[in-house]
Amino acid sequence: MIEDLNVSALTKDMDVTKSLGGGSLIGVPIYYRDGVNYGTLCGMDLRPFHFTQEHRDLFMAMAALLENVLDLEKKNGQVQMLSVPLVPIFDEVAVLPLIGEVDSERTSRVIEHTLFEAAKGELEYIIIDLSGLVSIDSESIFHLMKIADSLKLVGVTTIFTGIRPDLAQKVIQYRSDLSGIKVEATLKQAIKSLKLK
């Protein structure tokens, strides 16, 4: 807390203090839970101001709240990445097991992450295993089928496994031509079908 920028030894000779003509400043550092500094929460007035313990406590509480929000945002990003686990099983083969519920938001993450990994050029095959799906909306099925076309453009062959009868009916509704899509009943059969060097 600096109640008068023109008087404090920390700020009186700074160019910013001279250009502002003085004022007051209160600042509290904001940290991620792992101790890395994110930045500082600051309050400033162009006039000198006397800060009380109440002001200090308020800024500390706001900084703590922001730290929690930032930490939740960071954890949410980690959870989202875990919801799209591309698991390498050989140098040129990875499996993408889709588990639980899949909606359009998760489908977008799957497509984005899978294309990003495929564009690195190390993969020849990506096996998308649908046997762990609890539910998937029709629009997401359409987009998952389109991912095979996108991956083909970057030189990666897609193999779908674990398609249950109810999923098969939804797929046929949205894509009658399945000639470009490789499908195997199980992950084991998909791996056996690959012609690995």
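Go through (1) closer than 30 Å to Phe142 by Cα; (2) crowded, with 16+ Cβ neighbours inside 10 Å for Pro85 and report which single condition fails.
For Pro85, the failing item is (2).
Does any residue in the stretch 168-197 that is open to solvent by less than 60 Å² (accessible area, probe 1.4 Å) come within less than 9 Å, Cβ to Cβ, of a residue that is at pLDDT below 75 and assigned to a loop (DSSP other than H, G, I, E, B) six or more places away or on a different chain, and which pairs are these?
Val171/Leu178; Ile181/Arg175
For (1) touching an Asp or Glu at 6+ places or on another chain (Cβ under 8 Å); (2) in contact (Cβ under 8 Å) with a residue 24 or more places away in the chain, each residue gets a yes or a no:
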residue: Asn6; (1), (2): no, yes
residue: Ala9; (1), (2): no, no
residue: Met62; (1), (2): no, yes
residue: Glu73; (1), (2): no, no
residue: Glu92; (1), (2): yes, yes
residue: Gly100; (1), (2): no, yes
residue: His113; (1), (2): no, yes
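Quick check on Glu124: is it touching a strand residue (DSSP E or B) at 6+ places or on another chain (Cβ under 8 Å), open to solvent by 10 Å² or more (accessible area, probe 1.4 Å) and at pLDDT 80 or above?
Working: touching a strand residue (DSSP E or B) at 6+ places or on another chain (Cβ under 8 Å): yes; open to solvent by 10 Å² or more (accessible area, probe 1.4 Å): yes; at pLDDT 80 or above: yes.
Judged against the criteria, Glu124 is a match.
Given the conditions (1) at pLDDT below 85; (2) open to solvent by less than 50 Å² (accessible area, probe 1.4 Å); (3) not in a helix (DSSP H, G or I), and given that Ile111 satisfies all but one, which numbered condition is not satisfied?
Condition not satisfied by Ile111: (3).
Go through the stretch 7-103 and tell me which strands (runs of 3 or more DSSP E), entirely inside it, have 1 or more residues that are within 30 Å of Thr161 (Cβ to Cβ) and in contact with a Gly (Cβ under 6 Å, 6 or more places away or on another chain). Walk me through how you get there before you give the answer.
On the way: elements: 24-31, 37-45, 87-90, 93-102.
Answer list for the stretch 7-103: 93-102.
What is the residue count in the stretch 45-62 for residues that are closer than 27 Å to Glu73 by Cβ and either surrounded by fewer than 14 Cβ atoms within 10 Å (Cβ to Cβ) or hydroxyl-bearing (Ser, Thr, Tyr) (or both)?
4
Among the residues of the stretch 1-38, count how many are of a type in the set (Gly, Ala, Ser) and surrounded by 11 or more Cβ atoms within 10 Å (Cβ to Cβ). Step through it out loud before you land on a result.
Of the stretch 1-38, the ones of a type in the set (Gly, Ala, Ser) are 8-9, 19, 21-24, 27, 35.
Checking the rest, the ones that are also surrounded by 11 or more Cβ atoms within 10 Å (Cβ to Cβ) come to 8, 22-24, 27.
Going through the stretch 1-38 one residue at a time, the tally reaches 5.
Just name the residue that is farthest from the chain's Cα centre (by Cα) out of those in the stretch 1-18 that are closer than 28 Å to Leu66 by Cβ and of a type in the set (S, T, N, Q). Even if it seems obvious, please write down each step before you answer.
Taking the stretch 1-18 and keeping what is closer than 28 Å to Leu66 by Cβ, we get 1-5, 8, 10-11, 14, 16-17.
Then keep just the ones that are of a type in the set (S, T, N, Q); that gives 8, 11, 17.
On the way: Ser8: 44, Thr11: 40, Thr17: 40 Å.
Per the stated criteria, the residue is Ser8.
The values are calculated or read from the model by the stated rules, or taken from the named source; none is laboratory data. Keep in mind that what you see is a predicted model, and the values were worked out from it rather than measured. Cβ atoms come from the backbone with ideal geometry, glycine included; neighbour counts cover every protein chain shown. For the accessible areas, the whole protein counts, side chains as well, though only heavy atoms, and no ligand, DNA or RNA atoms are used. Shrake-Rupley method; radii C 1.70, N 1.55, O 1.52, S 1.80 Å.
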